[in-house]
Amino acid sequence: MDRSILWRAALVQTLAVAVLFGVLALALPRSFFDDWGALVGPAGWIAASLVTMRALALPLRRAALASAVAGGTAALTGAVAAHAVSLPVAVAVFAVICAARPAPRPAPATARTPA
């Protein structure tokens, strides 16, 4: 696991989510989030994940996987606990997946010809 990416991914994702939802909270009435929060939340999370991907030059596949798994984890955690708990959990899951190193690929088998 690349600890440098772990902490940077957590920091950038947290800042991206905070800025995005801070701007939305200032610009829109609370009733908007009551009506559309189930769509705006995941869309905002994905947008923040794309910002993090670009800022850290992460591969799209890894960022997409991290965003999806962390978002699903946040949804499940939010259903059981409060939203205030689910967001830090989602950021942690996102950062761990972003920092995970891919498993080394096995060397391709070569055909041996009898001598």
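The values are calculated or read from the model by the stated rules, or taken from the named source; none is laboratory data. Keep in mind the model is a prediction, meaning the values are calculated, not measured. Cβ sites come from the backbone with ideal geometry, for glycine too, and all protein chains shown count toward neighbours.
A few remarks follow.
- All of ALA95, ALA99 fail the test of being closer than 20 Å to LEU20 by Cβ, surrounded by 15 or more Cβ atoms within 10 Å (Cβ to Cβ) and of a type in the set (Gly, Ala, Ser), apart from ALA95.
- Test: ALA43 is modelled with pLDDT under 95 and more than 22 Å from ARG101 (Cβ to Cβ): yes
- Test: residue in the range 5-23 that is among the aromatic types (Phe, Trp, Tyr), out of contact with any Gly (no Cβ under 9 Å at 6 or more places or on another chain) and either crowded, with 18+ Cβ neighbours inside 10 Å or in contact (Cβ under 8 Å) with a residue 24 or more places away in the chain (or both): yes
- Residue count, the range 53-69 (criterion: under 8 Å from the mean Cα position of the chain (by Cα) and within 17 Å of ARG101 (Cα to Cα)): 6
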